[in-house]
Amino acid sequence: MIYALLALALVTPPVAAQAKVTKPHVLLISIDGLRADRMHTYGHSQPNTPNIDIVAKHGTRFELAFSQSNESLLSHAAMFTGRYPSEIAWPDYRRFVLPPGETTVAEMMVAAGYRTGSFNAGGHIKPIFGFMQGFQTHAQGADFGSFQDTVPMAIDWIQKPDEKPFFAFVHGYDCHRPHTQASVFYHPFQDTVAVSSGMERKLKSRNWSEVVFNGVDHSKLYPTNQDIGRVWHNNGEQMLDPAHYLKLAAEFGRIDSSKLHTLSQAELVHLNTHYDACALSADAYLGFLFQALVTADLWKNTLVIITADHGEDLQDHGYTNHRAVVYDSTTRVPFIIGGGAVPQAQRGTVRQDLAEAIDIVPTLAAIAQITPPAVSRGEDLMAGPKVGQFAISQGVLGQRSIRSKTHRLTFSGLSLTDPQYLDTMRRTEFNEKHWALFSVKDDINEQINILKSDPNTANMLRAELIKWAESLHISTIQAPKNEAAERELQAQGYW
């Protein structure tokens with residue numbers, strides 16, 4: 001098994017030598033769509049992350065880590081800049097882009113003397129969205145593809161001798177819907193004999209999970225993918241319209257249930273074990289990457305950060321996607337700092353302070369011995385426990401959320417671009433239309449709104465959320481229209 005090889009490699013002298021470098025190599029891994037609590041590393045019952053388990057065991061694992069959004073585009077922008085999505089660009093999903101004027105983590109690492117390479121699986125973080133700024137080498141696998149494509153390209157680049165340390169960003173959509181990405185495994189966690197082949201066909205459909213709400217399959221209402229709401233980004237990319245989820249929820253209960261299929265418990269389990277298998281697949285490919293670093297005598301001088309841009313709501317709140325809601329299911333992500341370059345005192349530790357995607361930039365700045373961009377936020381996670389006591393997330397449907405170690409308060413009901421957003425947060429009395437409070441300590445799945453029964457906690461978190469919102473300088477930068485792409489779409493009959 002791959003994980004057995006890695007375990008042996010961590011205690012076996014390497015066989016090859018690379019050029020000496022004065023700073024540690026840095027490997028930033030984004031496992032798109034992987035929620036923390038569905039990893040064995042974080043206590044999940046299925047043994048689906050054996051390689052990551054080993055990295056975490058010999059490094060530092062953050063028990064409570066959060067993305068800044070519930071969507072790849074906004075979350076990676078925060079990860080790359082150390083800033084909140086609304087500060088980076090106009091927070092409209094159809095116009096959001098990482099602007100050229102932003103200083104990215106890759107540009108920072110170039111300034112620190114690193115060679116930089118990005119090996120990504122396309123989707124919403126490809127060059128057209130601005131994510132290749134600062135990367136001297138860029139290679140993209142299949143669009144919305146797997147680590148199966150990106151890991152080999154990364155290994156080839158990393159192993160080339162160079163006097164400069166490397167900074168590599170490696171990304172894959174293995175845990176992203178439709179949860180049937182290229183895999184070396186076939187149903188490792190479930191006997192599927194009793195599950196109909198029809199379920200398998202549905203799972204392979206890219207957007208089938210997007211029309212399942214509260215366990216009811218609404219696909220009869222959406223006979224083709226084009227029937228599911230679509231929008232076009234200003235750059236010409238076609239994207240699923242997040243407002244689709246509001247329509248789906250509104251339709252629920254209004255339609256004769258006999259006309260729709262309600263998923264059985266076996267089918268729901270089947271759906272979720274596909275997700276677990278996706279995590280195992282991603283872990284397997286990453287095992288090859290870690291093994292390559294060991295074989296090339298690079299592991300001992302490499303710092304590895306393993307994280308995700310968001311999680312996935314696996315029917316926890318009625319959806320099988322990430323854009324609709326802002327809960328732990330969609331924002332609590334893995335955050336592990338490992339590799340041979342981790343200081344001895346920080347190996348084998350589990351931290352309870354709240355880590356965030358915006359902490360990556362200042363952490364890597366400290367590792368690279370350079371000052372982080374002045375406008376970046378976050379904290380250096382290697383310097384000790386964080387000062388900040390809260391994690392902030394913004395949802396593409398307008399949600400804002402503040403998460404403490406014990407509670408989450410959310411505000412929703414307006415677009416992030418609404419000029420009255422902050423004033424409404426200030427003035428709106430607590431009501432369940434706009435506000436929700438959850439005790440994540442007692443209610444880990446965030447099912448019970450305790451807004452009325454715990455007004456003191458609600459008021460405290462609301463004050464902190466407003467204080468944070470007042471500190472934002474909302475960006476007005478938008479992606480320019482791609483006229484050529486628009487003409488091409490029109491020629492294909494889209495509008």
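All of the numbers you see were taken from the coordinates with simple rules; none came from a lab. Please read all numbers here as calculations on a predicted model, not as lab measurements. Using ideal geometry, Cβ is built from the backbone for each residue, glycine included, and neighbour counts are taken over all protein chains shown.
The lysines within cross-link reach of LYS202, meaning a Cα-to-Cα straight distance under 20 Å and a gap of 8 or more places when in the same chain, are LYS220, LYS259. Simple spin-label estimate for VAL269 and VAL231 gives 3.9 nm between the two label positions (7 Å along the Cα-to-Cβ direction from each Cα). Listing PHE290, PHE430 from fewest to most neighbouring C-beta atoms within 10 Å gives PHE430, PHE290. As a calculated quantity, the FRET efficiency between HIS44 and GLU200 at R0 = 22 Å, using C-beta atoms, amounts to about 0.45. Put a dot 7 Å past the Cα of ASP442, heading toward its Cβ, do the same for ASP380, and the two dots end up 4.0 nm apart.
Shown is the FRET efficiency for LYS433 and THR295, computed with R0 = 45 Å from the Cβ-Cβ distance and rounded to the nearest 0.05: 0.20. For the stretch 101-114, the Karplus equation 6.51 cos²θ - 1.76 cosθ + 1.60, evaluated at θ = phi - 60°, returns couplings of x, 6, 8, 9, 4, 5, 5, 4, 6, 4, 4, 8, x, 8 Hz by residue, with Gly and Pro reported as x. A crude spin-label estimate for the pair ASP92 and GLN389, with each label 7 Å from Cα along the Cβ direction, gives 3.8 nm.
Charge tally around SER72: other residues with Cβ under 9 Å, Lys/Arg +1 each, Asp/Glu -1 each, net -3. Straight-line cross-link partners of LYS441 among the lysines, defined as a Cα under 23 Å from its Cα and at least 8 positions apart when in the same chain: LYS386, LYS405, LYS452.
Take the convex hull of the alpha carbons in the stretch 79-236; its mean projected area over all directions comes to 12.3 nm².
By the count of neighbouring beta-carbon atoms within 10 Å, fewest first, TYR114, TYR421, TYR222 end up ordered TYR222, TYR421, TYR114.
For LEU422 and ALA111, a Förster radius of 35 Å and the Cβ-Cβ distance give a FRET efficiency of 0.50, rounded to the nearest 0.05.
Rounded to the nearest 5, the antiparallel percentage of DSSP beta bridges internal to the chain is 50%. By the count of neighbouring beta-carbon atoms within 10 Å, fewest first, SER412, SER219, SER209 end up ordered SER412, SER219, SER209. Relative contact order for the chain: 26 percent, from Cα pairs under 8 Å spaced at least 6 residues apart, divided by residue count. In terms of packing, defined here as the mean over residues of other Cβ atoms within 10 angstrom, the peptides 341-347, 163-169 line up highest first as 163-169, 341-347.
Calculated translational diffusion coefficient of the chain (10 °C, 1.306 mPa s; Stokes-Einstein with Kirkwood radius over alpha-carbon pairs) equals 69 µm²/s. Given +1 at the Cβ of Lys and Arg, -1 at the Cβ of Asp and Glu and no other charges, the dipole of the stretch 197-264 around its Cα centre is 160 debye to the nearest 20.
Between the stretch 245-312 and the stretch 38-65, the alpha-carbon centres lie 15 Å apart.
Semi-axes of the equivalent ellipsoid for the stretch 197-264, computed as √(5λ) from the eigenvalues of its C-alpha gyration tensor and ordered from largest down, come to 23, 15, 9 Å.
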